[in-house]
Amino acid sequence: MWGAVRGVVADSRLEPFPLRRTLRGYGPRTFRADLKAGVTVALLGLPQSMAFAVIAGLPLHYGITCTAVASIVGPMLANSRHTILGPTNATAFMVFSYFAAYPNLNAVALMPLLLLMMAALMIVGAYIRIADLAQYISRTVVVAYVTGAALLTMVNQVKSLLGVTLVEMEGGGAAVTLPGTLYRLALSLGSLRWESVACAIATFGLYTLLKYLRPNWPVFALTLTLITALSASLHPLGFAPPTFADQSFGLGDLIPVFPDFASRNTLPNMSRLFGLAMALAFLAMLESTAMARTLASRSGRRVDANQDLLALGVANLSCAYLSGMAASGSLTRSALNFDSGARTGISSIISGVLCLAGALTIGGAVAEIPKATLAALVILAALSLIHRRHIRICMNATRSDAVVFLVTFIATMLVPLHVAIFTGVGVSILLYLNKASRPTLVEYAFNQEGQLAEAERGLRQHPAISIVHVEGDLFFGAADLFRTQIQLACADPNLSIIILRLKNARHLDATSVMALAELIQVVRADGRDIIISGAMKDVYRVLKNAGIVELLGRQNIFLGSPTNPNLSTRNALKRAQEILGRTDADVHIFFDPNKAR
């Protein structure tokens, strides 16, 4: 077993410490560029991380420490130079939606175990190169999920904007859906607090003004600092909006209670959290991979998505030991890091160190932050994730994309997000398989020059031999359609021999081979026979391994010849004539009436 593990590790081509290549020749000019970018990112990351903790329903320092730890650990293993790891809107709200649906579970107590499971899935996935499969996941699913999660985030923050306390509903599941949240907000409007509304209006106004006048300044951090200072200065006048007074923290609070694996609750908790851990790992992989490739294309570099996945896994493992939350690749902070002129991953480490220093210095100051102010900034951050151009592309590109977008988006509104994302992925895969699982059966015949060519539609004699040219993928999704079309070819009672021309058939699997075996048995029970021609080596290997060669008879299988593609079909035709006991035969090529002409 250990030999197999060592083989997987060797084949993964992952580096244990790729940052050492960055440190070679690292000079003052590069450091100055990284320092500038790191400070800029930290000024956004510190307040933004608190906002993501609010979204996840966790104490504020969970977001700060996650941002700090992930930003420091990630670049040590990552291949991407500019990606900043830490909490994101999409992963934070997925955590919130899960634990809101199960209010009997303690999110804070279970967070270390959840992160350990996430990290294990990511690290194992990196070594088996699972990130290579990310290219097969429809971008439409991600756009729909992020759009839905952003909308839900904004709606969920309205309670803090208004200062209301949401009424409780029986059963937690409906409460985190869009209809459930809106219903609870409507019932809670009687407890509205004007101080919260005033803070929210001031936050929106100041952020918009600063963004317009000084777009290159750290507007997020400035707005949070100024509104918090203004609110604190008005306390003597009786202005007292709800704040995070119960969430001040010190150094000792940064070390969580680590899970006791000897506890009898460990296995049940792992079972409960596995689906969430899988969904978070999957979403984080997609977010990080998409961001890294986007920035790499802008810088003219290539990235190894599996190396970045390993970095993401180790970052989450580190966050499990320090009060952190689920880390992913941050869209806004990574783009800011790139635009700020970062040269290497050292900029991420600098931003992480500054965030950690910030966590140790502002622990008591968070008690003055108005909840409405942070909620307003959360809404502004979520609003930036809704890209109308991307939505328009998804809705207008193809009908399948529109269906995938709508199904995923509606699912985010109605079911927990860890279910919604897999719903979208499942629908996109099913629609793709529906397109890919349509092998074509084309009418072929030998023309006057003796060449095998597509036959004219007028050839509708009662044949003794039918040559069925099969083209396309014959994996499990195509098996039933393939069998049905061949049975349609057998509708002629005068037909005695079917020649399956598999020259352009690809990707046979167990399902399609079983369908072929059943077809052979049915045809032979009716006194007919099947001959295979044009099978290439990969197809023949599948047929041999599955026992079809033995079932059909080696004399009834003719391998394809790259130099003479029609030779195998001529030999198959001769074999058919031999079975019929004649030297000539009427040859009819099956025509698929569903094939467009």
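Some notes on this structure:
- Every residue from the stretch 65-88 that is aliphatic (A, V, I, L, M) and either modelled with pLDDT of 90 or more or surrounded by fewer than 24 Cβ atoms within 10 Å (Cβ to Cβ) (or both): ALA68, VAL69, ALA70, ILE72, VAL73, MET76, LEU77, ILE84, LEU85
- Filter result (over 18 Å from GLU550 (Cβ atoms) and over 44 Å from the mean Cα position of the chain (by Cα)) within the stretch 491-524: ALA491, ASP492, PRO493, ASN494, LEU495, SER496, ILE497, ILE498
- From the list LEU58, LEU44, the lone residue that is at pLDDT 85 or above and outside any helix (DSSP H, G or I) is LEU58.
- Among the residues listed as VAL314, VAL366, VAL404, VAL378, the single one being within 30 Å of THR22 (Cβ to Cβ), part of a helix (DSSP H, G or I) and assigned by TED's automatic domain parsing to the domain that holds PHE204: VAL314
- Residue within the stretch 320-335 that is over 22 Å from the mean Cα position of the chain (by Cα) and assigned to a helix (DSSP H, G or I) present: yes
- Here SER97 meets each of (1) over 30 Å from TYR26 (Cβ atoms); (2) under 15 Å from the mean Cα position of the chain (by Cα); (3) surrounded by 24 or more Cβ atoms within 10 Å (Cβ to Cβ) with one exception, condition (2).
- Residue match in the stretch 101-123 (condition: modelled with pLDDT of 85 or more, closer than 30 Å to MET395 by Cα and either out of contact with any Phe, Trp or Tyr (no Cβ under 8 Å at 6 or more places or on another chain) or not assigned by TED's automatic domain parsing to the domain that holds LEU377 (or both)): no
- With respect to being modelled with pLDDT under 70 and not polar (S, T, N, Q), ALA505 falls outside the description.
- Answer residue from the stretch 126-147, given it is hydroxyl-bearing (Ser, Thr, Tyr) and under 30 Å from LEU380 (Cβ atoms) and is surrounded by the most Cβ atoms within 10 Å (Cβ to Cβ) among those: THR140
- Members of the stretch 338-363 found to be assigned to a helix (DSSP H, G or I), surrounded by fewer than 19 Cβ atoms within 10 Å (Cβ to Cβ) and either touching a Leu at 6+ places or on another chain (Cβ under 8 Å) or modelled with pLDDT under 90 (or both), listed by number: ASP339, ALA357, LEU360, THR361
- Yes/no for GLY38 being touching a residue at least 60 places away in the same chain (Cβ under 8 Å), surrounded by 15 or more Cβ atoms within 10 Å (Cβ to Cβ) and in contact with a helix residue (DSSP H, G or I) (Cβ under 7 Å, 6 or more places away or on another chain): yes
- VAL164 meets the stated requirement of being of a type in the set (A, V, I, L, M, F, W, C) and in a loop (DSSP other than H, G, I, E, B).
The values are calculated or read from the model by the stated rules, or taken from the named source; none is laboratory data. Just so it is clear, the structure is predicted and the values come from calculations on it, not from any experiment. Glycine gets a Cβ as well: all are built from the backbone with ideal geometry, and neighbour counts include every protein chain shown.
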